[in-house]
1. Of all residues being surrounded by fewer than 16 Cβ atoms within 10 Å (Cβ to Cβ) and aliphatic (A, V, I, L, M) in region 181-198, which is nearest to Phe211 (Cα to Cα)? Just the residue, please.
2. Regarding Leu198, is this residue closer than 22 Å to Val77 by Cβ and touching a strand residue (DSSP E or B) at 6+ places or on another chain (Cβ under 7 Å)?
3. Looking at this structure, is Glu197 in contact (Cβ under 8 Å) with a residue 12 or more places away in the chain and not in a helix (DSSP H, G or I)?
4. Any chance you could count how many residues in region 222-242 are over 19 Å from the mean Cα position of the chain (by Cα) and outside any helix (DSSP H, G or I)?
5. Could you count how many residues in region 270-293 are surrounded by fewer than 18 Cβ atoms within 10 Å (Cβ to Cβ) and either touching a residue at least 40 places away in the same chain (Cβ under 8 Å) or in the same structural domain as Ser215 (by TED's automatic domain parsing) (or both)?
6. Tally time: how many residues in region 221-261 are without any contact (Cβ under 8 Å) to a residue 40 or more places away in the chain and farther than 14 Å from Asn116 by Cβ?
7. Can you confirm whether region 147-160 contains a residue that is outside the structural domain of Val300 (by TED's automatic domain parsing), farther than 18 Å from Lys125 by Cβ, among the hydrophobic types (A, V, I, L, M, F, W, C) and free of Cβ contacts under 8 Å to residues at least 24 places away in the same chain?
8. Quick check, is Leu283 under 18 Å from the mean Cα position of the chain (by Cα) and at pLDDT 95 or above?
Amino acid sequence: MKKLVKLMVVLLLLIFIVASLEGCAQKNLSQSDVSELSIIHAGSLAQPLRQVEDQFNKTNTLSVIFKDQSAGSIETVKAVSELHQKFDIVVVADYTLIAKYLFPDYVDWYIQFATNKLVLAYTDKSKFAKEINVNNWYEILQRKGVEFGFADPNADPCGYRTLLMFQLAEKYYNRPSLYGTIVGICPKNNIKSKSVELISLLQSGELDYAFEYQSVAVQNNLKFMELPPKLDFSNTDYASFYSEAMLTLKDGTVVKGMPIVYGITIPRDAEHRALAEQFVAFLLSDKGKEVFEKNGQPFVPFKANIPVENLPNSIKDAIQKGQ
């Protein structure tokens, strides 16, 4: 009888241990599942996003594993709309791409949140670096032996903004053939799918100059020449002048000159929606604002494409605090 009782006690203990282990396994699996976020973003957002992610993890007891993928913004939205890849968050350097490629079939909302400006980046090794200025840059790019590059306009907004800027420069400097001349002398090998790919070419001396976002130049300790506000797409006062430039991309999409504004959204099929909403709200908070400003991408007044009250609660609260 005593042996039977002992056996029953042992069996009960074994059952309890097995159940506990299963419970722990389920708990760990659940934590692993919800503590992972996949983000696809514009290349110019790499550094500020990593820093925001680090800050986010410092404020949470559960460490999040971020799976980040960098691409030109057009490639970013097409990864969702054409390749049907799943991501929890999409962040692009031109919010209008979300409107053109993702809304309303793939996302329910998007938010305009940050800005930048177009500059001409270079190094101490760049030819004529001591001479170049706001009045002669387009002449220096045409000098013999000077190598310059820009991003592919069909993949990266920095690329099509560069070409739009060339169009506006024709009017600004009264140089009617400037656009065709500069585009025509730029070797195809100097046109990269992401503007950030030009950085290593500048640093190695393969390129003398590259059209970049100011934030990218600052983050990589590059020298840069600021373009006139009428050409750098940073000033809303010149929105009307910017809009005089227009370009048709290979896929038929028409882009017009306009102030640079970044956009962020969460796809409808995001696997970790609650955590994604929490992270977006954190990014739009004062802590995210501080990170982006230090990286040369200051926030703009937040704007959503739908009424704020229809946004997820945590994001709605972040936007209302930022207004």
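1. Val183
2. For Leu198, the condition - closer than 22 Å to Val77 by Cβ and touching a strand residue (DSSP E or B) at 6+ places or on another chain (Cβ under 7 Å) - is met.
3. no
4. Number of matching residues: 8.
5. 4
6. Final tally of qualifying residues: 9.
7. No, there is no match, as no residue in region 147-160 is outside the structural domain of Val300 (by TED's automatic domain parsing), farther than 18 Å from Lys125 by Cβ, among the hydrophobic types (A, V, I, L, M, F, W, C) and free of Cβ contacts under 8 Å to residues at least 24 places away in the same chain.
8. In short, yes.
The values are calculated or read from the model by the stated rules, or taken from the named source; none is laboratory data. What you see is a predicted model; the values in this text were computed from it and never measured. Cβ: placed from backbone, ideal geometry, glycine included. Neighbour counts: every protein chain shown.
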